[in-house]
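Participant: After the structure tokens below, expect a handful of questions from me.
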Amino acid sequence: MAVSSFSFSSATLSRRVSHRFNVNNVNLPLKPSCSTCSGPTIIASSKDVSIDEERNCKRRSLLLGVGASSLLPTKLLLAQEKPPNYAEFVDLEDGYSYYYPSDWIGFDFRGHDSAFKDRYLQLQNVRLSFIPTNKTDINEMGSIEKVVAYLVRHVYSTPTQVPDVFDMQERTTDGKNYYTFEYTLTSPNFSRAAFATIAVGNGRYYTLIVGANERRWRRVRNQLKVVADSFKL
């Protein structure tokens with residue numbers, strides 16, 4: 001089942017989800033926040049996953065830092081001031097941009113169009129992929145509750161992982177709508193925390209994920225949230 005098969009459901013912008021909901025007859029109760037994250041937690045069961053939406057994404061040439069910025073109109077780049085210690089990745093051909101820590105380096109991540117990682121902590125990274133879609137807005141895929149519940153249960157997690165969602169936010173930037181959510185994937189011997197931002201535009205469904213080992217999450221959470229919130233079409 002592809003994410004794009006979700007039916008249209010209007011969304012309330014710029015809010016945090018703080019209520020109980022039910023998806024596909026599976027109750028997803030809230031629990032108290034974890035010590036490292038603000039907002040409620042949604043417990044979702046793990047099932048077999050399909051990684052089809054991560055496939056067939058051809059990596060493009062990287063446009064890094066100032067070199068990338070020089071290709072765009074100044075008024076466009078200054079619409080949102082870049083924070084200190086971040087560089088900007090701009091892909092004109094595929095129609096997206098985002099910030100990443102300026103000391104990170106680019107690398108090839110299978111099935112993704114672009115990716116950057118910490119020089120020393122490789123699990124601390126950001127990557128972006130996209131697949132074609134006939135949708136024109138992320139809201140057409142469903143409410144943020146339904147979309148996020150589907151993704152963490154069927155796409156991001158494996159049968160041996162327990163996914164928890166701690167926060168979900170919607171925003172509108174330059175007329176485009178985005179879903180951003182924070183989640184963890186816990187295995188018997190390993191746990192990873194991440195933010196994901198998803199959006200639809202340019203005939204594509206985009207997914208940006210930025211994360212780290214959960215043991216480091218308290219230290220780097222705010223830094224990585226900047227990356228998730230900077231993603232734009």
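Participant: From the cross-link list LYS135/LYS225; LYS146/LYS176; LYS117/LYS146; LYS117/LYS176; LYS82/LYS146, which pairs have alpha carbons spaced over 24 Å apart?
Facilitator: Pairs exceeding the cut-off: LYS135/LYS225; LYS117/LYS146; LYS117/LYS176; LYS82/LYS146.
Participant: Another question, if that's okay. Keeping all protein chains in the complex and leaving out DNA, RNA and ligands, what accessible area do you get for LEU92 with a 1.4 Å probe, in Å² to the nearest 10?
Facilitator: For LEU92, solvent-accessible area is about 90 Å².
Participant: Please find the FRET efficiency linking LEU92 to LYS225, where r is the Cβ-Cβ separation and R0 is fixed at 22 Å, and quote it to the nearest 0.05.
Facilitator: 0.30
Participant: Going by Cα centres, segment 182-204 and segment 135-158 are how many Å apart?
Facilitator: Result: 11 Å between the Cα centres.
Participant: Which of the three applies to segment 143-233, rounded, prolate or oblate, going by the alpha-carbon gyration tensor with a ≥ b ≥ c and a/c under 1.5 meaning rounded?
Facilitator: Taking the square roots of the gyration eigenvalues as a ≥ b ≥ c, segment 143-233 is oblate.
Participant: Evaluate the Debye formula for segment 186-233 with equal point scatterers sitting on the alpha carbons, no solvent, and hand back log10 of I(q)/I(0) at q = 0.18, 0.25, 0.26, 0.32 Å⁻¹, in q order, two decimals.
Facilitator: -0.60, -0.87, -0.91, -1.13
Participant: Compute the distance in nm between two label points, each set 7 Å from the Cα along the Cα-to-Cβ direction, one at LYS82 and one at ASP103.
Facilitator: Reported label-point gap for LYS82 and ASP103 is 1.8 nm.
The values are calculated or read from the model by the stated rules, or taken from the named source; none is laboratory data. This structure is a prediction, so every number in the text was calculated from the model and none was measured. Positions of Cβ are backbone-derived with ideal geometry, glycine not excepted, and every protein chain shown enters the neighbour counts. These area figures cover heavy atoms from the full protein model, side chains too; ligands, DNA and RNA do not enter into them. Shrake-Rupley method; radii C 1.70, N 1.55, O 1.52, S 1.80 Å.
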